[in-house]
Amino acid sequence: MMALWLSIALYSATPPQADLIFLPGPGAAGCDRQRLEDAVATRLGYLPFAAGADLRVIVEIEGQTKLRARVRVLRGNKPPRESSLSGPRDCLA
């Protein structure tokens, strides 16, 4: 997710803002929206999420033994950028 976000930031004159859509699925206990927002804000140095922003970041998390996340970045009618990640059960690992 960070790579997608940083690539968007490089092309912006001002820090980008995005509408975060967080969709935790089965097995994603402990992965809540606030933890995600805090982790992103710590890495970027600011909170990039604002309801109603033109840019939308959709994060879907699921998993029983391993977490899997699908991140889609949408801006207007441009084709979405998408990334899939998987990792240990710790939501913030």
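The values are calculated or read from the model by the stated rules, or taken from the named source; none is laboratory data. Since we're looking at a predicted model, the values are computed, not measured. Positions of Cβ are generated from backbone atoms using ideal geometry, with glycine treated the same way; all protein chains shown enter the neighbour counts. Keep in mind that these areas ignore ligands, DNA and RNA; they rest on the heavy atoms of the full protein, side chains included. Shrake-Rupley method; radii C 1.70, N 1.55, O 1.52, S 1.80 Å.
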Fill in the blank from the handout: Taking first residues from segment 8-29 that are under 15 Å from Val73 (Cα atoms) and second residues anywhere that are modelled with pLDDT under 75 and outside any strand (DSSP E or B), the pairs with Cβ under 9 Å that are 6 or more apart or on different chains are Pro16/Trp5; Pro16/Ile8; Pro16/Ala9; Ala18/Trp5; Ala18/Ile8
Exercise for the section: With the condition kept exactly as written, say whether any residue in segment 66-85 is modelled with pLDDT of 85 or more and among the polar types (S, T, N, Q). Expected result: no
Fill in the blank from the handout: Residue hits (segment 41-57; closer than 16 Å to Arg70 by Cα and either touching a helix residue (DSSP H, G or I) at 6+ places or on another chain (Cβ under 6 Å) or open to solvent by less than 70 Å² (accessible area, probe 1.4 Å) (or both)) are Val57
Practice task
From Ala28, Ala13, grab the single residue that is open to solvent by less than 80 Å² (accessible area, probe 1.4 Å), among the small types (Gly, Ala, Ser) and at pLDDT below 80.
Solution key: Ala28
